[in-house]
Each structure stands twice: as structure tokens, then as C-alpha cells.
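Colleague: So that we are looking at the same thing, I have put the structure below in C-alpha cells.
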Amino acid sequence: FITNDTTQVPTSFEYIIVGGGTTGLAVANRLAVNHTVLVIERGTDERDNEGINDPMSINGAIPANVTCHQVGMSPPQVGSNGTNVRVQAIQYGNCLGGGSSVNTMVGSRPTLAGMNAVEALGNPGWGWDEFLTFMQQSETFTPPNPQQVAQGASFNASVHGTNGPVGVSFTNPLLAPQVQFAAKNATESVYGVQLTEDMGDGFSGGHLASSYHHIHFNETLQKQRRSSSAWSFLYPEDQQRSNLTVLTQHTVNTIVTSGGNGTNITATGVTLLPTSGGDMITYSVTREVIVSAGAPFSPAVLLRSGIGNATFLQGLGITPVLDLPGVGSNFQDQTLFVNISFPIANQFQSNPNVTIEPVMFGIVVAHATANEAFGSNGTQMVASQIRNTVADRALSSGGVVNAQSMQVQANVTASAFEINHPLIELFFNPGGTLSLWSQNTLPMSRGTVRINTTNPLDFPIVDAQYLTTDVDITIFTRAARRLGAVASTPPFSNLLTDTAYAQSGLPAVNASDDEWRTWTLDHYSPGVHFVGSNSMMPQEMGGVVSPQLLVYGTTNLRVADASIMPLSVFPHCTLGLYGVAEKAAAMILQTASTSPPLPSPTSTSPSSSTGTAPASASSTSPSNAAASTKVGIAGIVGAVLLAMLS
Ligand SMILES: Cc1cc2nc3c(=O)[nH]c(=O)nc-3n(C[C@H](O)[C@H](O)[C@H](O)COP(=O)(O)OP(=O)(O)OC[C@H]3O[C@@H](n4cnc5c(N)ncnc54)[C@H](O)[C@@H]3O)c2cc1C
């Protein structure tokens with residue numbers, strides 16, 4: 001049941017999940033079939049909020065009156081004059097469903113090359129083939145009907161799921177087919193990308209297609225409703241679990257831990273307080289704590305619990321429990337050009353095929369490879385720039401824990417592009433005006449999530465260090481130029497007024513590289529696809545969790561959310577995160593089937609999370625402990641290419 005009243009909540013559970021967002025609610029649903037589960041969500045239950053539920057209400061932006069949609073501010077980021085001049089808005093979801101309750105529902109998946117790169121970083125079992133089965137498990141895909149097919153929607157049934165809680169569908173009827181036609185044709189001729197059958201098939205190589213969304217457009221599921229994780233895994237009658245308690249409007253402060261000397265630390269519970277302020281309370285756990293607070297917030301929970309860089313923690317007056325320098329480092333976000341708008345020509349204003357209202361975001365999505373973006377030697381140029389990425393800035397900001405980590409990640413990323421990973425995404429939004437959006441994939445800039453107070457109600461310092469590598473600037477400047485090219489290429493340009501291009505604010509198509517670069521640095525925004533702040537990779541490289549998602553040095557503390565993804569392989573995160581949730585739940589249930597629960601809370605004496613002696617997390621071999629991958633960085637570098645090419 002769902003409550004915000006702690007007097008109704010038992011004090012001990014088999015599993016406690018920190019955060020009732022995208023990944024957390026999906027994990028909870030699977031565990032609660034046979035186990036008692038408590039989810040603690042700092043935000044509210046927005047079940048009846050039509051601003052969230054109605055997928056057609058968003059018009060490319062979440063209405064301002066939806067309190068679930070929150071914004072924090074980043075520290076100053078790079079701007080066009082080369083110094084730190086731009087503060088960026090860090091958007092996030094703050095209610096049941098988390099980001100999936102406020103996002104724009106573009107339903108894309110990670111790529112084959114991307115997931116194989118994640119596996120090659122030292123994460124066996126996370127390659128595309130296995131990961132696809134978990135993504136399929138979470139979804140029910142609604143194939144387009146004959147009319148939608150005639151208007152351009154296509155799919156490949158073999159890569160989709162048919163029996164999961166998440167609805168994945170094309171809009172019905174398909175929106176703005178004339179814009180979709182024009183967008184596809186202009187993009188094909190500018191980038192040379194090909195129309196593809198399905199965006200979710202791992203797509204090696206560039207492609208474009210009509211986009212599907214994570215929405216229940218299925219008549220037999222839930223007609224016309226946002227398929228948030230709350231409306232997929234929590235609210236529907238057939239998904240409700242009697243073993244599941246969801247406590248809203250409460251914020252987790254710390255994870256309570258006991259024992260261990262850096263190798264066997266056990267989570268015994270959590271401390272929390274009302275989000276509106278009040279007394280701290282404790283719940284205990286007999287199996288595992290799973291942190292699912294999202295990439296900007298999960299590291300903050302670990303840091304407050306004494307898990308992180310010991311020196312940093314001591315500086316804040318927190319006694320280290322586990323010296324794990326990777327917590328909060330390797331943080332990444334894509335960059336985005338939002339809403340570059342072009343007025344529609346008068347003759348199309350009354351044409352319902354063009355200006356359909358309400359509108360849907362991202363009706364055509366295109367992914368171009370490096371060759372398609374830069375010409376025939378593009379892949380070679382991009383791969384070589386990536387391999388030459390200098391780690392200095394990331395090292396000084398704490399974005400990577402050592403130069404070798406950057407080098408290994410650069411090698412893996414370059415190899416992904418060499419097997420034809422998309423470089424740039426472009427999507428089209430038919431609002432009151434037509435708008436183009438573009439973002440990069442697999443950025444190399446690395447930032448941090450840190451805290452500067454121990455107050456759990458304070459917003460962390462979310463510092464993505466956007467565009468702080470040369471290669472990211474090179475790629476994103478090219479993305480800007482290509483936006484201009486698409487906007488001025490028929491048949492897309494035919495839909496626009498004569499002055500549309502000038503009104504959009506883009507530099508002239510033939511402007512110099514320097515002009516485009518300046519415009520890029522002045523106009524980029526966060527991609528809001530935050531990942532990496534508790535990266536799943538070897539501990540020597542700054543990894544925080546093992547391939548089993550166990551925090552290194554702990555026996556029963558896992559992280560399951562976007563923070564574990566060590567590379568930005570999701571063009572958009574949500575459908576991939578449901579795969580993470582399914583895989584996490586399967587691993588947790590596997591552990592439960594072979595391990596007894598902890599002794600009951602009355603027979604243990606949990607220490608406060610800040611009370612134990614500092615210890616250095618290191619590898620352990622017990623089956624349910626977080627085993628560090630001890631192959632050494634040199635071994636990883638060599639294994640990476642072989643693994644990716646196999
Ligand atoms: C505006 C916007 C648009 C986006 N558009 C798209 C899109 O079109 N397609 C797509 O696939 N992705 C999109 N994304 C990204 C996607 O929504 C996120 O990547 C994803 O939701 C993150 O899931 P998560 O499980 O990691 O975290 P979240 O879904 O953020 O869940 C974390 C939860 O933990 C809670 N929490 C945090 N700290 C605490 C604490 N201390 N105690 C208790 N609870 C806590 C939060 O309130 C939240 O509910 C968008 C994101 C935003 C913000």
C-alpha cells in the first residue's frame with residue numbers, strides 16, 4: 001500500500017529501496033512477489049495528476065504546475081569565452097515514478113555497440129544479447145495498425161516484448177505524418193542515413209525512423225496514459241503486491257551499516273526523515289538495501305552514509321565507513337540543443353497533417369554515425385580524437401579517479417564508434433512551430449556529484465563538466481551545423497516561412513567553424529540523461545558497483561538506477577533502465593534463493609552510518625559480496641577490443 005504516515009509502516013523489511021522512481025519501482029514490483037519490500041520516496045503520490053498522466057498534455061515540456069518536475073542549478077559550466085560562465089538547469093522527477101513521471105517519453109534503447117562496450121569495461125553479462133532479453137521482459141509493445149504503417153510507422157517484432165508492464169507505442173493516430181515524411185527525407189539527404197525498420201534493434205550504423213514512446217496507447221492496456229514506472233509497476237491492479245509498502249514524502253538520509261573492515265560491510269537499515277522536515281527515524285532490513293535515488297542523488301545518499309572518498313568525507317565531518325573514491329565521479333550527461341524553432345508557412349497552418357494539436361515530442365528520431373556526420377573519414381577522426389582525450393581536467397575536477405580510467409573508457413568508446421555507433425541524435429517536434437532538437441551520444445567529458453552539507457534535504461552539487469573535452473566540442477559543433485543543414489533542406493524547409501531560418505537564431509549555413517563553435521557553447525543545454533555517478537566498472541578504475549550491482553566492500557548494498565551505467569550508452573534512458581531493473585531484480589532474487597536473511601534486527605546492534613572506523617574497500621570473493629574485477633587496468637585495455645569485436 002501507499003502511505004505518507006510512518007505509524008502505519010512496520011519497522012523491518014526484507015528489502016528497502018531508496019527512491020520510488022523509474023528503476024526503483026520496477027525492482028520493487030519484482031521483489032515483492034515473494035518478499036516484503038519498503039520503498040521510500042521523497043516526493044508525493046501523483047496518481048491522479050492529469051498533467052502527468054495525459055501523454056498528450058506535454059507539448060514538449062512538462063506543465064509548470066506539475067510539482068513533480070523540479071529543477072536544481074549546476075555550478076558554472078563552460079561557455080563560449082572559454083571560462084566558466086553558464087549555470088545549467090538540472091531537471092529531475094520528484095514523485096512516484098521519478099523521471100519517468102515528468103520526461104518526454106521518447107522510447108529509445110541503448111545500442112548493441114554501446115552495451116558491448118559496457119560489458120567490455122569489465123562487466124560480464126551486460127552485453128547487448130543478454131540485456132535485450134531484460135528490456136523485452138519489461139515491455140508490451142503495441143505494433144502500429146495499418147493506418148499508422150501507411151503513414152510511415154514500422155517495427156521489428158522480434159526485438160520487442162509482449163507481456164511486460166511498460167506500454168511502448170506509436171501515437172494513435174500517428175501525429176503529423178507530413179512533417180514526419182519531410183523530416184525523414186531532409187535528414188536522409190543531409191546525413192545520408194537510411195530509414196530503418198525499428199529504433200530498438202541495437203542499431204549498428206546510422207538510421208532514422210518514426211519514434212515510439214513509453215506510453216500506453218494500447219486499448220487493452222491503459223488507453224492514452226503515460227507509462228511511467230508508477231503507472232506500469234505500481235498502480236495497475238494486476239501489478240499491485242500485498243508485500244509492498246510505499247512510503248512517500250520521506251527522504252532517506254543514510255544507510256545504516258555494521259561490521260566489516262572494508263570487505264564485508266553489511267547494510268542493516270536506513271535512516272530517514274519527513275521531506276518537510278522533522279525527526280529522524282530508522283527502518284531495518286533483513287536482506288538488502290537497494291539505492292535507486294537516480295544519478296544526481298544516489299551518490300549523495302552513499303556519501304552521507306560514509307561511503308566515498310575518505311578524505312573528502314572527513315572534510316565534511318563524516319566518518320568514513322568505506323573508502324570508495326569512485327562514488328560521485330565519472331558523472332556524465334549528454335548535451336542538447338532544445339527547441340530550435342521554425343515558424344510554419346501560412347499554407348500549412350490550417351493543414352491538420354502538419355499542425356496537429358496536441359503534439360507529441362520526438363516524432364522522428366535519427367541517429368547518425370561519425371562517417372555520416374563528418375564524411376568518409378569521420379569515424380577515424382572521431383575515434384582518434386577520443387583516444388587522445390586528455391584526462392587533466394577530469395582528474396583535477398575529480399571526474400575520473402585516475403588517468404588510466406579515462407584511457408580505458410576512451411578506448412572502449414572509440415571502439416564503439418568504430419563498429420558504427422551513432423554519434424548524434426536528431427529529433428523533430430511538431431509544436432505550434434516546427435522544432436529541431438539534437439544531442440550527442442557517448443560524451444567523453446566527466447564530472448562529479450558531491451555534497452557540501454550533511455543535510456539530506458539540500459540539493460547536491462551536480463557538476464557534469466559539459467563540453468570540457470575537445471572531442472565533445474568538435475562533435476557538438478558538428479551537430480549544430482547539421483541542424484542548420486536539415487532546416488534549410490527540402491522537403492523540410494518547404495514547410496517553413498521564408499524568414500524561418502533567420503528567426504531560429506542559428507548561424508548562417510555558411511558561417512565559419514568558429515562562429516558555429518561559439519553558438520554551440522552559448523546554446524547547449526543539459527541532455528538530462530544523467531549516468532555514471534556510481535559506475536559499474538572495476539574498482540581500480542573508480543568503479544563503485546560490481547556487475548552484480550553490489551557496492552564494492554559490502555555484502556548486501558546494491559545500487560540500481562542510471563548512476564550505475566559507466567558510459568552514456570542510452571540515447572534516452574528509460575527503456576534501458578527498465579532493463580537494468582529487471583536484471584537487478586533477477587540477480588537479487590538469485591541471491592535470495594541461496595542465502596539466508598540476516599539475523600532479525602533485535603539480535604543485531606547496527607552502528608550508525610558514520611560511526612565505524614575508516615576502511616578501504618577491496619575485493620572479496622564470497623558469492624554475495626561485491627567482487628572487484630582484479631584483472632588490472634592493463635589487462636582490461638587489452639581485453640576490451642577483443643571483447644567488443646567478438
Ligand atoms: C525533463 C526530462 C525529460 C526526459 N526525457 C526523456 C525521454 O524522453 N526519454 C527517456 O527515455 N528518458 C528521458 N529522460 C531521462 C529519464 O527520465 C531518466 O534518466 C530516468 O527517469 C532516471 O531514472 P532513475 O531510476 O535513475 O532515477 P529517477 O527516476 O529520478 O528516480 C529516483 C527517485 O528517487 C527519489 N529520491 C531521490 N533521493 C531520495 C532520497 N534521499 N530519499 C528518498 N527518495 C529519493 C526521487 O524523488 C525519484 O523519484 C528525461 C528526464 C527529464 C528530467
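The values are calculated or read from the model by the stated rules, or taken from the named source; none is laboratory data. Quick caveat: nothing in here was measured; it's all calculated off a predicted structure. Every residue, glycine among them, receives a Cβ derived from its backbone with ideal geometry; neighbour counts consider all protein chains shown. Quick note on the areas: whole protein, heavy atoms, side chains included, nothing else; ligands and nucleic acids left out. Shrake-Rupley method; radii C 1.70, N 1.55, O 1.52, S 1.80 Å.
Colleague: Go through the stretch 365-423 and tell me which helices (runs of 4 or more DSSP H), entirely inside it, have 3 or more residues that are in contact with a helix residue (DSSP H, G or I) (Cβ under 7 Å, 6 or more places away or on another chain).
Modeller: 370-374, 378-387, 403-418
Colleague: Residues of the stretch 428-437 being surrounded by fewer than 24 Cβ atoms within 10 Å (Cβ to Cβ) and under 22 Å from the mean Cα position of the chain (by Cα), which ones?
Modeller: Of everything in the stretch 428-437, just one residue is surrounded by fewer than 24 Cβ atoms within 10 Å (Cβ to Cβ) and under 22 Å from the mean Cα position of the chain (by Cα), namely 437.
Colleague: Hey, among 508, 502, 485, which residue is small (Gly, Ala, Ser), open to solvent by 10 Å² or more (accessible area, probe 1.4 Å), farther than 30 Å from residue 399 by Cα and not in a helix (DSSP H, G or I)?
Modeller: 508
Colleague: If you take the residues of the stretch 281-293 that are open to solvent by 20 Å² or more (accessible area, probe 1.4 Å) and not β-branched (Val, Ile, Thr), which of them is farthest from residue 250 (Cα to Cα)?
Modeller: For the stretch 281-293, the residue satisfying everything is 287.
Colleague: Determine whether residue 539 is more than 30 Å from residue 470 (Cβ to Cβ), polar (S, T, N, Q) and either surrounded by 18 or more Cβ atoms within 10 Å (Cβ to Cβ) or over 27 Å from the mean Cα position of the chain (by Cα) (or both).
Modeller: Answer is no for this residue.
Colleague: Counting only residues that are away from the ligand (no atom under 16 Å from the Cβ) and in contact with a Pro (Cβ under 9 Å, 6 or more places away or on another chain), give me the helices (runs of 4 or more DSSP H) lying completely in the stretch 241-354 with at least 2 of them.
Modeller: 310-315
Colleague: Kindly indicate which of 101, 80, 74 is within 11 Å of the ligand (Cβ to nearest atom), touching a residue at least 60 places away in the same chain (Cβ under 8 Å) and among the small types (Gly, Ala, Ser).
Modeller: Going through 101, 80, 74 in turn, the sole match is 101.
Colleague: Only one residue in 178, 224, 239 is under 29 Å from residue 484 (Cβ atoms) and open to solvent by 10 Å² or more (accessible area, probe 1.4 Å), so which one is that? Before you say what the answer is, go through the steps one by one.
Modeller: Numbers: 224 fails: under 29 Å from residue 484 (Cβ atoms); 239 fails: under 29 Å from residue 484 (Cβ atoms).
The match here is 178.
Colleague: For the list (1) within 16 Å of residue 365 (Cβ to Cβ); (2) not in a helix (DSSP H, G or I), I need the number of the one condition that residue 182 fails.
Modeller: Checking residue 182 against (1) within 16 Å of residue 365 (Cβ to Cβ); (2) not in a helix (DSSP H, G or I), the one that fails is (2).
Colleague: Tell me yes or no: at least one residue of the stretch 458-474 is open to solvent by 10 Å² or more (accessible area, probe 1.4 Å), of a type in the set (D, E, K, R), part of a loop (DSSP other than H, G, I, E, B) and without any contact (Cβ under 8 Å) to a residue 60 or more places away in the chain.
Modeller: yes
Here's the yes/no breakdown for (1) among the acidic types (Asp, Glu); (2) more than 14 Å from the ligand (Cβ to nearest atom); (3) modelled with pLDDT under 90; (4) within 20 Å of the chain's Cα centre (by Cα):
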| position | (1), (2), (3), (4) |
| --- | --- |
| 13 | no, yes, no, no |
| 16 | no, no, no, no |
| 37 | no, yes, no, no |
| 43 | no, no, no, yes |
| 52 | no, no, yes, yes |
| 61 | no, no, yes, yes |
| 67 | no, no, yes, no |
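Colleague: Tell me, yes or no, whether the stretch 176-188 has at least one residue that is acidic (Asp, Glu) and under 26 Å from the mean Cα position of the chain (by Cα).
Modeller: No - not one qualifying residue is present in the stretch 176-188.
Colleague: List pairs: first residue in the stretch 30-59 and open to solvent by less than 40 Å² (accessible area, probe 1.4 Å) and assigned to a helix (DSSP H, G or I), second residue within 13 Å of the ligand (Cβ to nearest atom) and polar (S, T, N, Q) anywhere in the structure, Cβ distance under 8 angstrom, at least six positions apart or on different chains.
Modeller: 52/101; 52/228
Colleague: Give 269, 260, 278 a once-over and let me know the one that is open to solvent by 20 Å² or more (accessible area, probe 1.4 Å) and in contact with a strand residue (DSSP E or B) (Cβ under 7 Å, 6 or more places away or on another chain).
Modeller: Among 269, 260, 278, only 260 is open to solvent by 20 Å² or more (accessible area, probe 1.4 Å) and in contact with a strand residue (DSSP E or B) (Cβ under 7 Å, 6 or more places away or on another chain).
Colleague: Only one of (1) of a type in the set (Ser, Thr, Tyr); (2) at pLDDT 95 or above; (3) surrounded by 24 or more Cβ atoms within 10 Å (Cβ to Cβ) is not met by residue 441, so which one is it?
Modeller: Unmet for residue 441, out of (1) of a type in the set (Ser, Thr, Tyr); (2) at pLDDT 95 or above; (3) surrounded by 24 or more Cβ atoms within 10 Å (Cβ to Cβ): (2).
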